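Worksheet for the structure shown next.
The values are calculated or read from the model by the stated rules, or taken from the named source; none is laboratory data. As the structure is a computational prediction, the values presented were derived from the model and not from experiment. When we count neighbours, we look across all protein chains shown, and the Cβ atoms used for this are built from the backbone with ideal geometry, even at glycine.
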Amino acid sequence: MSDEFNALMTNSQGRWKAPLEFAMAVAELTEAERRRFSKAAQKQMSGSRAGERENFGWPTVEGHMARLALLACAPKSAACRRMEFQQLPRVLTNPSWFSPPSSRLPGPNAFEEAALKILTDRRPDWADDWLELQLTEEGAPALSVPLIRKLIQDGVCSKPESAGYARLISMLGHGADVENDPELLEDAWLLFQVPTGVFEFITHIKLTEAESWKEKHPESWWPRHFYYLAYHGKIDRAKLLDELLAGLWREFPSHERGGLMHFHHLLAPADQELLARQDTYIELLRNPNPPVVTFALQILKRLARSDHFVAESCLRALPAVFDIPTKTQAKSALTVLKTLVRKRPDLKPVAVDILVRGLSHPESEVQIALLGLLETWSPDELPSDALLSFRELISPLAQPRFEELVAKWNPEAAATFIPNAEPSAKALDISELRARIAALPSEWRTTWKLDQSLAACEAGRPPVPTDPDVAAGWLAGLAEVTPIRNVEELIDTIGEALERMASPMEIERILDGLSRLGRQRPADFQLRTGAIRQRLLQLADPVRSQGMLDQNSLLFARFHIGALLRLLGIWL
């Protein structure tokens, strides 16, 4: 260290100054003076990092002091790095360098307090980028929540809206007294904008079970917080529904998007709440995610019966549903259309156009359902030219119904239809198919209703739907898996799984056990799960785990710990 820089960092006895003492020493420096110490600060950081690498990556006091020096003197290129002040320094390369004695090393709060003063005094234009960097990595942030809040309150940094900050908010919600923390509650709306996993594990909650969410609970997490606060009028229920529905357009993973839709179900909006947002639900028909479209159609089926429903807007959006290649959404859309036309016969011309355009759907079952509805209307209500233009898109199974429909209003056009195949070729195909089915085991033919489906095909109808009990025939040869019986066994099983490479079936048993028993909290729960918490902390730090864990455990940490931490973190 240069003499001047050394005077900033150490006292007259050559020992490290206390962190806050150093922050006060650099408080009056001008930017020009800070730049003069920049190279020395970076050199100090480089030397400290070498010592930390020897300490398996764990921070040292020298390293944390060097980080403070970077914040005080270095430019953005050197100072914008993760500080890890939340990791308590455990090694002092030269104990005699520090004052007070090394037996009383400063904790993380001392370094954070110093960092706060340095940033508040200096107010660098890269403070927002620096704060964002402390939040970017998975897991816990590199800074404590009080420090982050203070930086924002003092205007040193802007409030982040990033995934890292949202993850921080998600972690703070577990067991928090959100009702009495308005700042945290205001930040919580970010959970509907950025994926964090907070809605990931509620799809198993039944509507009757959610009744208990009306009461305050010390182990609540964010979905239950929102439910409780909305029920008691502590937050705006209308805003909660609006934010939830807006979240269905954002880039959430499919499982978390499913959690949002299930949370909507648990909130059980009344008809008036749904009607107030009918345009929002109608617009969801154009959502690129088919499950969201299914969700919207379920709501619209309910609203379509109301005299206050905007049927015209709904009909204008329905054609987008028939662009989805699966049949589930199209058949639900057809149900909505039938209801609307029954209530509003004047909308039949619009509905006919939608039905005809829907004939381009790739599923024969959808085409047959559309043709079946068109058959119930009079010939003068059908657009003959438009209907004929879809002839080439009609599947062979739907072709007979299509030809019958055309023959009703235009026999001349129907007479020009050419069979799709010669009768002899068609008979040969069916004969070959019949022979192949006859060669199959009788239990297969019965289970899958192959004979009935063959007869339906010969008559021009779709195959017979099946819902076989596959467990009886296909899974009979597999060993039976015994589910976890109680929460004590669940804790023991998780502890064993974290000590070795758990098999996929063990992980399945744990997931099943958590879904059934995760809400049970025996009196000694905290004591019994203490070892699990410690093991998770080890596995969550791969650098620190080197030399402590065997190869299988390291493999487990690398491939499973991210998802397991999120799940067990909610449980614990």
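Which of the residues belonging to the stretch 206-248 are more than 17 Å from Asp187 (Cα to Cα), modelled with pLDDT of 95 or more, assigned to a loop (DSSP other than H, G, I, E, B) and within 24 Å of the chain's Cα centre (by Cα)?
Scanning the stretch 206-248 gives a single hit, Leu248.
Within the stretch 316-350, count every residue that is β-branched (Val, Ile, Thr) and within 24 Å of Asn289 (Cα to Cα).
Result for the stretch 316-350: 6.
So, restricting to helices (runs of 4 or more DSSP H) that lie completely within the stretch 289-361, which ones have at least 3 residues that are modelled with pLDDT of 95 or more?
It comes to 290-303, 311-317, 327-343.
Do you know which of the residues in the stretch 52-67 that are more than 14 Å from Asn6 (Cα to Cα) and surrounded by 20 or more Cβ atoms within 10 Å (Cβ to Cβ) is farthest from the chain's Cα centre (by Cα)?
Val61
Need the failing condition index for Glu112 against (1) crowded, with 17+ Cβ neighbours inside 10 Å; (2) in the same structural domain as Lys76 (by TED's automatic domain parsing); (3) modelled with pLDDT of 90 or more, just the number.
Just one mismatch for Glu112, condition (3).
Just to be sure before I move on: is Ile491 modelled with pLDDT of 85 or more, within 27 Å of the chain's Cα centre (by Cα) and surrounded by 13 or more Cβ atoms within 10 Å (Cβ to Cβ) in the structure I sent?
Answer is yes for this residue.
Among all residue pairs at least 6 apart or on different chains, which show Cβ distances below 8 Å where the first residue, located in the stretch 424-436, is among the β-branched types (Val, Ile, Thr) and the second is at pLDDT 75 or above?
Final answer for the pair search is Ile430/Leu454; Ile430/Cys457; Ile430/Glu458.
Would you mention how many residues in the stretch 399-442 are among the small types (Gly, Ala, Ser), touching a helix residue (DSSP H, G or I) at 6+ places or on another chain (Cβ under 9 Å) and at pLDDT 70 or above?
2
Report those helices (runs of 4 or more DSSP H) wholly inside the stretch 1-51 carrying at least 1 residues which are surrounded by 14 or more Cβ atoms within 10 Å (Cβ to Cβ), among the aromatic types (Phe, Trp, Tyr) and touching a Phe, Trp or Tyr at 6+ places or on another chain (Cβ under 7 Å).
3-9
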